[in-house]
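Here the structure comes first, spelled out in structure tokens, and everything after it is commentary.
The values are calculated or read from the model by the stated rules, or taken from the named source; none is laboratory data. None of these values were measured; they are calculated from a predicted model. All Cβ positions, even for glycine, are placed from backbone atoms using ideal geometry, and neighbour counts span all protein chains on display. Surface accessibility is based on the protein's heavy atoms, side chains included, excluding ligands, DNA and RNA. Shrake-Rupley method; radii C 1.70, N 1.55, O 1.52, S 1.80 Å.
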Amino acid sequence: MAKLLRAAVLGPPGSGKGTICKRIAHSFGLQYLSSGHFLREGIAANTEAGMLAKTYIDRGMLVPDQVMTRLMLPKLEQLQNHSWLLDGFPRTLAQAQALNSLYQMDLVINLNIPLETLKDRLSDRWVHPASGRVYNMGFNPPLVQNLDFIVIQQKRSEKRGVRGKHSHSLITPQVTLTLLSLYCKEKWLL
Ligand code: AMP
């Protein structure tokens with residue numbers, strides 16, 4: 001059996017993580033797992049974890065580590081014999097440590113994007129709530145303009161995540177550096 005690949009992409013909201021992850025996963029035949037997507041699924045299905053997560057997401061904050069590890073680790077357990085690529089998880093040191101305790105990562109890619117570029121991208125970012133599809137009006141607009149255009153909604157909470165009072169919770173250089181130093185030490189970082 002071919003060696004399994006365990007990979008993750010780190011990057012703040014607006015860094016293009018989702019788009020890049022989907023392309024890599026598609027090109028290399030990896031299972032794509034997006035924590036944001038699973039959270040939105042839980043919210044749409046009104047699950048207990050989904051409702052709890054919503055209270056944080058709506059305020060532009062990170063969902064607590066325990067909720068995230070309980071959500072993500074069982075998904076990985078179901079994929080023991082698959083190569084996978086994580087999008088949006090881990091986002092904190094505690095999440096990275098929980099992941100490391102179960103899996104040896106092979107590759108971690110960090111997207112290092114200037115804050116001004118992130119602000120510009122997020123002001124163009126819209127989401128289709130029913131499907132969770134994310135668009136950028138500049139470079140990734142909805143394909144069916146007159147259909148999706150009417151129902152998509154701006155992700156205001158995430159914009160607050162970059163600009164507003166909760167910015168510390170989503171994209172602090174400290175959190176990124178802590179994660180990076182962990183992965184650098186393990187020599188998995190690209
Ligand atoms: P995303 O689609 O990855 O940008 O995630 C959307 C939102 O879900 C984020 O802004 C966070 O509030 C929350 N979220 C996603 N992944 C995580 C995570 N690993 N830890 C904490 N919160 C998360």
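Of note, Lys22 satisfies the criterion of being over 23 Å from Leu115 (Cβ atoms) and of a type in the set (D, E, K, R).
For the structure I just gave you, tell me whether Thr19 is open to solvent by 20 Å² or more (accessible area, probe 1.4 Å) and free of Cβ contacts under 8 Å to residues at least 60 places away in the same chain. Judged against the criteria, Thr19 is not a match.
Would a scan of region 70-93 turn up a residue that is among the small types (Gly, Ala, Ser), modelled with pLDDT of 95 or more and near the ligand (Cβ under 9 Å from one of its atoms)? No, that holds for no residue. Inside region 28-42, can you point out the residues that are closer than 16 Å to Val9 by Cα and near the ligand (Cβ under 7 Å from one of its atoms)? Across region 28-42, the qualifying residues are Ser34, Ser35, Gly36, His37. Residue pairs whose Cβ atoms lie under 7 Å apart, sitting 6 or more positions apart in sequence or on different chains, and linking a residue in region 93-115 that is within 18 Å of Gly16 (Cα to Cα) to a partner that is among the polar types (S, T, N, Q) and in a loop (DSSP other than H, G, I, E, B), are Leu111/Ser15; Ile113/Ser15.
For Met61, indicate whether it is outside any helix (DSSP H, G or I) and over 27 Å from Leu5 (Cα atoms). Yes: the conditions hold for Met61. A single entry from Met51, Met61, Met105 fulfils the requirement of being among the aliphatic types (A, V, I, L, M), more than 23 Å from Ile24 (Cβ to Cβ) and either away from the ligand (no atom under 12 Å from the Cβ) or not assigned by the TED database to the domain that holds Leu39 (or both): Met51. Which residue is least open to solvent (accessible area, probe 1.4 Å), if the candidates are limited to region 48-95 and must be among the β-branched types (Val, Ile, Thr) and closer than 20 Å to His128 by Cα? Looking at the filtered set, the residue picked out is Ile57. Tyr32 satisfies every condition listed in (1) open to solvent by 60 Å² or more (accessible area, probe 1.4 Å); (2) at pLDDT below 95; (3) touching an Asp or Glu at 6+ places or on another chain (Cβ under 8 Å) except (2).
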